[in-house]
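Read through the structure below, which is laid out as structure tokens, and then see the notes.
Please treat every number below as a calculation from the coordinates, not as lab data. It should be emphasised that the depicted structure is a prediction, and the values quoted were computed from it without experimental measurement. Using ideal geometry, Cβ is built from the backbone for each residue, glycine included, and neighbour counts are taken over all protein chains shown.
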Amino acid sequence: MDSKLIEFPRDLFKEVRRIAARESFPLALAILDRYDNDTQSIAVNQEEAQHLVDVVGYEATRVSLKCPYTDEHPDYDDELAEEWDEVCQSIHPHTVNCFKQHFEIDE
């Protein structure tokens with residue numbers, strides 16, 4: 001499979017790397033090791049792009065399971081809600097968008 005050089009903002013890279021490192025995802029870490037800080041880009045093929053999207057999809061699912069409540073519920077937690085917002089409203093969709101411009105990605 002041919003690799004493409006994809007623009008991947010440094011802040012987003014750091015978040016995806018943090019997730020992959022915390023969970024000890026070896027393939028994701030190997031892919032992310034190719035990140036170029038100078039150009040804020042990464043060379044990936046279709047499979048690798050999908051793998052990174054799967055990592056953030058995993059994180060979105062994990063956070064959604066930890067924070068299932070709306071703010072009307074007595075067990076609602078502001079900190080978990082902030083984490084949910086960060087992952088589900090920012091990290092996940094931005095990662096998908098980076099790769100979806102160049103590959104067919106399953107969300």
In nanometres, the difference between 0.36 nm per residue of separation and the alpha-carbon distance of N45 and Q89 is 13.3 nm
Once phi for every residue in the range 81-91 is put through the Karplus expression 6.51 cos²θ - 1.76 cosθ + 1.60 (θ = phi - 60°), the whole-Hz ³J(HN,Hα) values, with Gly and Pro written as x, are 5, 5, 4, 4, 4, 4, 6, 7, 9, 10, 4
Label model pair E72, A30: point-to-point distance (7 angstrom along the Cα→beta-carbon line) in nm is 4.9
For the D38, M1 Cβ pair and Förster radius 35 Å, calculated FRET efficiency rounded to 0.05 is 0.90
With N residues in the chain, Rg(alpha-carbon) / (2.2 N^0.38 Å) equals 1.13
For 40-53, 77-90, 12-25, ranked highest to lowest by mean beta-carbon neighbours within 10 Å, the order is 40-53, 12-25, 77-90
Magnitude of the Cβ-charge dipole (Lys and Arg +1, Asp and Glu -1) of the chain about the Cα centre, nearest 20 debye, reported as 540
Ordering 54-62, 97-105 by per-residue average of other C-beta atoms within 10 angstrom, highest first, gives 54-62, 97-105
